[in-house]
Amino acid sequence: MLKKKIIALDVGKRKIGVAISDILGISANPSGFINASNTKKALEKVGELIKENDIGTVVVGLPKNMDGTIGPQAEHCISFGEQVANLYSIEVVWQDERLSTREAERMLIESGMSRAKRKVENDQVAAAIILRSYLDRLSNSSSNSEI
């Protein structure tokens, strides 16, 4: 049975990191970033990506505080995700992304990437980490339901 792809967004104030799954929901591929300085244009670009890639679900990283509470940046992410859901009539889910940006930075440093290149790559790698976490969560919940 064919499924639709899943897109993950690491929503920031300046950039939105993007990652897209394969149709089987196995891989989480970094896919660039969107300029977030103009919300309307960013939403339009997300819509283009949804259409071009046959997306069925949008995963938005939710940067909760370490104590699990919702702060201003998480509220911004929730608002952006709700706008995507309303504009494109698509399922939007939130994935806890505490420390995903730090994890992305660590991975890029370990790969030997220069600071300038890391600055460009970090958001999309963080989106891939968010997507990987969501895909793992889906896999674990389907594995548990088969028992």
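The values are calculated or read from the model by the stated rules, or taken from the named source; none is laboratory data. Note that this is a predicted model, so its numbers are computed, not measured. When we count neighbours, we look across all protein chains shown, and the Cβ atoms used for this are built from the backbone with ideal geometry, even at glycine.
Observations on the structure shown:
- Looking only at residues of the stretch 109-143 that are among the β-branched types (V, I, T) and touching a Gly at 6+ places or on another chain (Cβ under 9 Å), we find that the one that is modelled with the highest pLDDT is I130.
- Residue count for the stretch 1-49 under the criterion of being farther than 23 Å from D136 by Cβ, free of Cβ contacts under 8 Å to residues at least 40 places away in the same chain, not in a strand (DSSP E or B) and not hydrophobic (A, V, I, L, M, F, W, C): the result is 8.
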